[in-house]
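Asks: Right, I'll just put the structure down here and ask away after.
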Amino acid sequence: MQRGLLPPVKLREALEGQHRSGNRLASECHARRFVSEEDLLAVLSDQVGVPGVQISSAVIPLAALDVLPEPIALKQLVLPLRMDSERLFLAMADPLDAGLISEVAFVSNRQIVVGVALQILLRQAIVDAYASKRRGELEYHGEHAVEADASSVPMSFVYPRELAKVPEPLSRPPSGGLEARRSEEIVIQVDGTADDLVVQIDDDVPALEPAPEGAAATAVGEPAAPRGDAARGNATVLVVDDDPELRRLIVRVLQSKGLEVREASRGLEALTQIKNAPPDLVLLDAMLPEIHGFDICRKIKSSERYGQIPVVMISSVYRGWRFARDLKDTYGVEAFIEMPFTLDVLWTTVERVLVNRRRFSRNNRQSILKAEECLKHAVRCYRAGDLESAIEACRDGLKADPLSAKLHYRLGLFYLKKSGTIYQALQELEEAVTLDPDLFSAQRTLAILYQRKGFKNKAIDMWERALRASPSDEVREQIRNHLKTLL
């Protein structure tokens, strides 16, 4: 009604019909042809903070349905739309169901991008899409979809029409602080506008994050021995668990065996500790605040710099030998401990893994140097007009050091310059902010991108984070005023 889409008399009629049919109000309005799907999605998108998915215009590659059994899709009203090697796009009736999103992320081993769809259209599309797959068809076409294969048809997203425009001062780098010393601007086209987003790139690429204290070079050019008890022949274990009582129990057991033990209660805290002082072993809870244990494990094991750190994962949610085998095959964990466990099982597992561990201090230093050279090479390639080589150089650097915020940030910027890689850019920029919570340039870029792409909740969250990291009082005041228009 506030948007003038529905007069009061029709609203009353829709509410009465909703009571009889059990439909959600938006679906009831659509069923009665009071409001178009696109207009309803624009309203829903603004309410829930994610883009709307126009199911009637969707073209869905049916291979994406393999990640979700039909009974679950129907019960939860969720439909896979597209899938690539890193992301899974979902249409959901309730896109704020964080538990379901986490489960699908784990099962699919992919980052989840969600959109909201009209309940009544989504339920029918789920039935029809899975029926098409059983018939051996390769694609599902919505009622109003164009006759073309999915690879040539963009996803049918609808964005909130009232989403406030980013003020001009915030769409450009601040005039003071770190970014003022950068000399080269990158202008990113967002939603067809050439001046929506301006970022800058270093003239002189700074060194990457300093090497951990324990990895500093000695006088003869070799890496120093690990700090703490590890230098005296004992190992250092990082215990990561958000349950304080369980964490204290594990710490006491390991310390009684002569090990040096460090603690972390959250995912980001664990990554910071691993980056600053790599332990000899990580004892990791599967479910953590901020970043799941699975994601932490993936970052460690995919890294040249940290990949030789053994990981023992603990879980009270996931059980059974099949899950343990999947953890080893998919994430590379050395061992899995199922809760509840005995202290004897805990120590026996830790001891076995430590006995078999490989030392990696020499490789660690080499990886730091390799990552730094890759970053410099990437910037040189970009300035020479070779965007693909710049992207590849950043990827090579992240193989050596996946916890480098600077490399993730540069890769995100380069993806923004490449057509069709907006979601890769978002992912890399998110990684940069996760690894460096004070990286204002990445926060500002993400906030603008999320706002333009219809992820209102994420945009608000990122603007609030940028507010805390703002380089000046002037920029902070600009962000505060802009947040008022979004809230």
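Asks: Exactly one of these conditions fails for Ser102: (1) closer than 26 Å to Leu288 by Cβ; (2) surrounded by 19 or more Cβ atoms within 10 Å (Cβ to Cβ). Give me its number.
Replies: Unmet for Ser102, out of (1) closer than 26 Å to Leu288 by Cβ; (2) surrounded by 19 or more Cβ atoms within 10 Å (Cβ to Cβ): (2).
Asks: For the range 297-315, enumerate the residues that are among the β-branched types (Val, Ile, Thr), over 21 Å from the mean Cα position of the chain (by Cα) and under 24 Å from Cys394 (Cβ atoms).
Replies: Passing the criteria: only Ile309.
Asks: Take the residues in the range 231-271 that are modelled with pLDDT of 90 or more, surrounded by 20 or more Cβ atoms within 10 Å (Cβ to Cβ) and assigned to a loop (DSSP other than H, G, I, E, B), then tell me which one is farthest from the chain's Cα centre (by Cα).
Replies: Here the residue is Leu259.
Asks: While we're on this one: Kindly indicate whether any position in the range 118-129 is touching a Pro at 6+ places or on another chain (Cβ under 6 Å), surrounded by 19 or more Cβ atoms within 10 Å (Cβ to Cβ), not in a helix (DSSP H, G or I) and not β-branched (Val, Ile, Thr).
Replies: no
Asks: So which residues in the range 434-487 are acidic (Asp, Glu), crowded, with 19+ Cβ neighbours inside 10 Å and modelled with pLDDT of 85 or more?
Replies: Once the filter is applied, which keeps residues that are acidic (Asp, Glu), crowded, with 19+ Cβ neighbours inside 10 Å and modelled with pLDDT of 85 or more, the range 434-487 yields nothing.
Asks: Restrict the check to the range 376-385 and report whether at least one residue is buried (at least 20 other Cβ atoms within 10 Å of the Cβ), of a type in the set (A, V, I, L, M, F, W, C) and either modelled with pLDDT under 90 or not assigned by TED's automatic domain parsing to the domain that holds Arg248 (or both).
Replies: Within the range 376-385, one or more residues are buried (at least 20 other Cβ atoms within 10 Å of the Cβ), of a type in the set (A, V, I, L, M, F, W, C) and either modelled with pLDDT under 90 or not assigned by TED's automatic domain parsing to the domain that holds Arg248 (or both).
Asks: What residue, among those in the range 279-296 that are more than 23 Å from the chain's Cα centre (by Cα) and not in a strand (DSSP E or B), is farthest from Val240 (Cα to Cα)?
Replies: It comes out as Asp280.
Asks: With the range 1-86 as the region, which helices (runs of 4 or more DSSP H) entirely inside it contain at least 2 residues that are among the charged types (D, E, K, R) and under 27 Å from Glu147 (Cα atoms)?
Replies: Result: 37-48.
Asks: If you don't mind, there's one more thing I want to ask. So which residues in the range 67-118 are basic (Lys, Arg) and more than 24 Å from His30 (Cβ to Cβ)?
Replies: Result: Arg87, Arg110.
Asks: Let me ask something additional. Of the numbered conditions (1) within 20 Å of the chain's Cα centre (by Cα); (2) part of a loop (DSSP other than H, G, I, E, B), Ala145 fails exactly one; give the number of that condition.
Replies: Result: Ala145 passes all but (1).
Asks: Condition test on Val107, is it farther than 21 Å from Val48 by Cα and touching a residue at least 24 places away in the same chain (Cβ under 8 Å)?
Replies: yes
Asks: Select from the range 105-116 the residues that are under 20 Å from Val158 (Cβ atoms) and either loosely packed, with under 14 Cβ neighbours inside 10 Å or touching a Gly at 6+ places or on another chain (Cβ under 7 Å) (or both) and list them in ascending order.
Replies: Across the range 105-116, the qualifying residues are Gly115, Val116.
Asks: Looking at the range 148-182, which of the residues that are within 24 Å of the chain's Cα centre (by Cα) and hydroxyl-bearing (Ser, Thr, Tyr) is modelled with the lowest pLDDT?
Replies: The extreme case among them is Ser151.
Asks: Another question about this same structure. Please determine whether any residue of the range 17-39 is acidic (Asp, Glu) and more than 33 Å from the chain's Cα centre (by Cα).
Replies: yes
Asks: Look through the range 399-417, keep the residues that are under 24 Å from Glu269 (Cβ atoms) and touching a residue at least 60 places away in the same chain (Cβ under 8 Å), and return whichever of them is surrounded by the most Cβ atoms within 10 Å (Cβ to Cβ).
Replies: Leu407
Asks: Filter the range 325-356 down to the residues that are surrounded by fewer than 17 Cβ atoms within 10 Å (Cβ to Cβ), of a type outside the set (A, V, I, L, M, F, W, C) and in a loop (DSSP other than H, G, I, E, B) and list them by number.
Replies: Gly332, Pro340, Thr342, Asn356 - these are the residues of the range 325-356 that are surrounded by fewer than 17 Cβ atoms within 10 Å (Cβ to Cβ), of a type outside the set (A, V, I, L, M, F, W, C) and in a loop (DSSP other than H, G, I, E, B).
Asks: Six or more apart or on different chains, Cβ under 6 Å: which pairs go from a residue in the range 287-301 that's among the acidic types (Asp, Glu) to one that's outside any helix (DSSP H, G or I) and surrounded by fewer than 22 Cβ atoms within 10 Å (Cβ to Cβ)? Could you list them?
Replies: Close Cβ pairs (under 6 Å, with a partner that is outside any helix (DSSP H, G or I) and surrounded by fewer than 22 Cβ atoms within 10 Å (Cβ to Cβ)) amount to Glu290/Arg266.
The values are calculated or read from the model by the stated rules, or taken from the named source; none is laboratory data. Everything quoted here is computed from the prediction, not taken from an experiment. No Cβ is skipped: glycine too gets one built from the backbone with ideal geometry, and neighbour counts run over all protein chains shown.
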